[in-house]
Amino acid sequence: MGWGHIASCPDCHHEWDWISTSAYLGPWPLVPDAPDEPPIRGWCCRCCHRQLWLPRAIARSAWQKWHERFLAGEGMRLPTAYLKGVVAMVDECLGDANPQIPVSLDLDPGNCPGCQQPFEPIPEEGGRVICPRCHREAAMREGSGSHYSMSCDEFGFS
């Protein structure tokens, strides 16, 4: 899904609007590892305004099956360079682990394939963004925003 936002920088007074997007990658559905934890974990890039949702943990064999279908373009659209970059990071995270034992996925440290800035866990307190002009922390304006519906399947959002 996508959300329209307006932000302003308290340092350089730059104001801008953008659409933040979310993508979920990995096989569906997932079962929680623990009853008090969701089966997915969110990561974000504060510079290019992308949110990414990945399984909290996954067995290498399950990921590889999904990955083959993803690269073959079985989704609604062919995978983008950005999503291919994220999938490569997950592949690296899984390494040569036992194919049947779930491995915790952690993108920290890891850089966004779109802008090479570090991914961060999605904060519970909401929107923090980086000003594209001065590269300092900025704030989203309260009450501004709109929702955009986008088609999705298990290979990400289009």
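The values are calculated or read from the model by the stated rules, or taken from the named source; none is laboratory data. A quick note: this is a predicted structure, and the numbers were derived from the prediction, not measured. Every residue, glycine as well, gets a Cβ built from its backbone with ideal geometry; the counts of neighbours run over all protein chains shown.
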Do you know which residues across the stretch 110-126 are at pLDDT 85 or above, more than 15 Å from Arg41 (Cβ to Cβ) and loosely packed, with under 13 Cβ neighbours inside 10 Å?
-> Gln116
Within the stretch 63-75, residues buried (at least 19 other Cβ atoms within 10 Å of the Cβ) and closer than 30 Å to His5 by Cβ come out as Phe70
Can you run down the residue pairs with Cβ atoms below 8 Å, 6 or more apart or on separate chains, where the first is in the stretch 47-59 and without any contact (Cβ under 8 Å) to a residue 40 or more places away in the chain and the partner is outside any loop (DSSP other than H, G, I, E, B) and among the charged types (D, E, K, R)?
-> Trp53/Arg41
Of residues in the stretch 1-39 being at pLDDT 85 or above and part of a strand (DSSP E or B), the one surrounded by the fewest Cβ atoms within 10 Å (Cβ to Cβ) = Glu15
Any residue in the stretch 52-62 that is surrounded by fewer than 19 Cβ atoms within 10 Å (Cβ to Cβ), among the β-branched types (Val, Ile, Thr) and modelled with pLDDT of 85 or more?
-> no
Name the residue, out of Leu107, Leu78, that is surrounded by 17 or more Cβ atoms within 10 Å (Cβ to Cβ) and assigned to a loop (DSSP other than H, G, I, E, B).
-> Leu107
